[in-house]
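J.: This structure is in structure tokens; I'll ask about it shortly.
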Amino acid sequence: MGISKAKGMALANRHAGKSVPIYVLTGDGELQEGQIYESLQGAVNRQLGEITVIVDHNKFQSDLKVSLTSDLGDLEKKFAGFGWHVARCDGHDLPRLAQIFAEFKTITDRPKILIADTIKGRGVSFMEHTSMDSDVELYRFHSGAPDFAVYEKAVAEMLASANAQLGTFGAAALSVETSAALQRPSAEGFRRLIPAYSQALIAAAERNPAVVALDGDLLLDTGLIPFKNKFPERFYECGIAEQDMVSIAGGMALRGLLPVVHSFACFLSTRPNEQIYNNASERTKIIYTGSLAGLLPGTPGHSHQSVRDISALGGMPHLVLIEPSCETEVAQAVEWAIFENAESTYLRLTSIPVDAPFTLPDGYRLTPGCGVTLRKGADVLVLGYGPVLLGQAWRAAEKLAASGTGVRLENLPWLNRVDDDWLRETARGFTRIVTLDNHYVAGGQGEMIAARLARLGISARVQNLGVLDFPRCGQHDEVLRAHGLDADSLAAAFAKQ
């Protein structure tokens, strides 16, 4: 979005009678996105010489080399073809960078772009992509934090390098302050839905040769590496181009394939929303798998915290939304979506390991529009979905049980469908009902349930809990607590009369 936003700033400055230089930094994988190319021509047509774009061209993106994901071709000719003034240099050569920026200042009739050839991970020898073995496909340091041993090794190397350079100028070595490292909680026994999804997708694809998988540069995070290895001829890497990927899937579906489309939920539900809608209007069958759904993890920030995908997709005809609560339900959801549902499906998946102490009853089978009781109680009915908030609600119910308050906890994995008979029977006898949304309250499952209860003439008092503002960034417990969705906050909400 950067070039487009820079254009808006430049035009606003001109409106105010000012001309202010604006610098935009882009990645190279980012150049696969359609908005980049929408932004280029208009900047030339309006002669926005205030804008300078620097492409950090390190040749790697989230998972693979850019050339292996979706090759960009000759970038210099490509940008020049749009009318931009183009320069290129070693992005680590500071004197040459200074020279180019000085030259750019003399060009005022068109926007400028610098292709800076860089090394990903520069400054830590074993993190530099040039240190990778030739047979290694995945660059492991793009996403996710290094473990503590790797972190310490990297810090030691950077300190040694900095102090060596300081020493050549007779400067004192850096003084380093240390503090105790935060202890990561053990994830032993936690729910892991992505590996379960990987296994279920492969099992289904073995039975249905029409199943193909499409990826938006998130091969590792969406659990598609096993599928790619098992069915390389049925795997399609589309790069950072969700609108294109979803429309490709639409064409595949029109010709008899069963495409399973993968990206983070925040990208898959919003950027290609129009394309998903048009696919639905063709009444074909496509499965959309949105991972990294909900508030957690909170460390990447609100751009990656998908808390509006239910509202973005929930009203589309012939598209059923499901969020499984555990590994067993993941397998059943994949089975249902591929072999039983005649329409399209959106699978909403939690990506992080989650403490979810509940278990599904023996013999449980996923039934459209119906939920399942995870915990019995007679004082308040709580309806939710997914491992994150169901896990917190279970812990909250445990706390309240000690004081004599009984919470009935229901798992309803259907995000935009509810069976009237099931809901009527489940709500029978309760005067208080609480819904939980790992999503904005507006447009979430809870509002659907409240509307259906009113339509059925059920007069219970309904409280919708969920996200009310932009998601907070932080560690898992901090984020849940900030939004009043941790076990302690939920216990207090459930106990209110």
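J.: Out of T345, T367, T289, I need the residue that is crowded, with 24+ Cβ neighbours inside 10 Å, closer than 25 Å to E410 by Cβ and hydroxyl-bearing (S, T, Y). Which one? Working first, answer last.
T.: Working: T345 fails: crowded, with 24+ Cβ neighbours inside 10 Å; T367 fails: crowded, with 24+ Cβ neighbours inside 10 Å.
Sole residue among the options that is crowded, with 24+ Cβ neighbours inside 10 Å, closer than 25 Å to E410 by Cβ and hydroxyl-bearing (S, T, Y): T289.
J.: While we're looking at this one, here's another question. Can you confirm whether T222 is touching a His at 6+ places or on another chain (Cβ under 7 Å), closer than 25 Å to E340 by Cα and at pLDDT below 95?
T.: Yes, satisfied.
J.: Considering (1) in contact with a Gly (Cβ under 9 Å, 6 or more places away or on another chain); (2) at pLDDT 95 or above; (3) basic (K, R), say which one K230 fails and leave the rest.
T.: (1)
J.: Here are the criteria: (1) more than 20 Å from S198 (Cα to Cα); (2) not in a strand (DSSP E or B). Tell me which single one S351 does not satisfy.
T.: (1)
J.: Filter segment 313-348 down to residues that are among the charged types (D, E, K, R) and assigned to a loop (DSSP other than H, G, I, E, B) and give me whichever is farthest from E188 (Cα to Cα). Please lay out each step first, then the result.
T.: Taking segment 313-348 first, the residues among the charged types (D, E, K, R) are 323, 327, 329, 335, 340, 343, 348.
Now restrict to residues that are assigned to a loop (DSSP other than H, G, I, E, B): 323, 343.
Working: E323: 23, E343: 37 Å.
For segment 313-348, the residue satisfying everything is E343.
J.: Return the pair list, or none, for Cβ contacts closer than 6 Å from residues in segment 220-235 that are on the phi > 0 side of the Ramachandran plot to residues that are at pLDDT 95 or above, at least 6 apart or on different chains.
T.: Cβ pairs passing all conditions: G223/I194; G223/Y197; G223/S198.
J.: Can you say whether S62 is in a loop (DSSP other than H, G, I, E, B), surrounded by 15 or more Cβ atoms within 10 Å (Cβ to Cβ) and either touching a helix residue (DSSP H, G or I) at 6+ places or on another chain (Cβ under 9 Å) or free of Cβ contacts under 8 Å to residues at least 24 places away in the same chain (or both), as far as the supplied structure shows?
T.: yes
J.: Scan (1) within 21 Å of G73 (Cβ to Cβ); (2) surrounded by fewer than 13 Cβ atoms within 10 Å (Cβ to Cβ) for the single condition G34 breaks and write down its number.
T.: (2)
J.: Check segment 409-426 and report whether any residue there is more than 24 Å from V320 (Cα to Cα), β-branched (V, I, T) and surrounded by fewer than 24 Cβ atoms within 10 Å (Cβ to Cβ).
T.: First pass over segment 409-426, keeping only residues more than 24 Å from V320 (Cα to Cα): none.
Taking every residue of segment 409-426 in turn, none turns out to be more than 24 Å from V320 (Cα to Cα), β-branched (V, I, T) and surrounded by fewer than 24 Cβ atoms within 10 Å (Cβ to Cβ).
J.: When the residues of segment 267-286 are filtered to those that are in a helix (DSSP H, G or I) and buried (at least 23 other Cβ atoms within 10 Å of the Cβ), which remaining residue is farthest from the chain's Cα centre (by Cα)?
T.: If we take residues in segment 267-286 being in a helix (DSSP H, G or I) and buried (at least 23 other Cβ atoms within 10 Å of the Cβ), then N279 is farthest from the chain's Cα centre (by Cα).
J.: Continuing with the same structure: Name the single residue, out of those in segment 86-107 being charged (D, E, K, R) and assigned to a helix (DSSP H, G or I), that is farthest from I22 (Cα to Cα).
T.: R96
J.: Take K399 and decide whether it is farther than 30 Å from L218 by Cβ, touching a helix residue (DSSP H, G or I) at 6+ places or on another chain (Cβ under 6 Å), surrounded by fewer than 19 Cβ atoms within 10 Å (Cβ to Cβ) and not assigned by TED's automatic domain parsing to the domain that holds E329.
T.: Yes.
The values are calculated or read from the model by the stated rules, or taken from the named source; none is laboratory data. Because the structure is a prediction, the values reported are computed rather than measured. For neighbour counting, all protein chains shown are included, and Cβ atoms are generated from backbone atoms with ideal geometry for every residue, glycine included.
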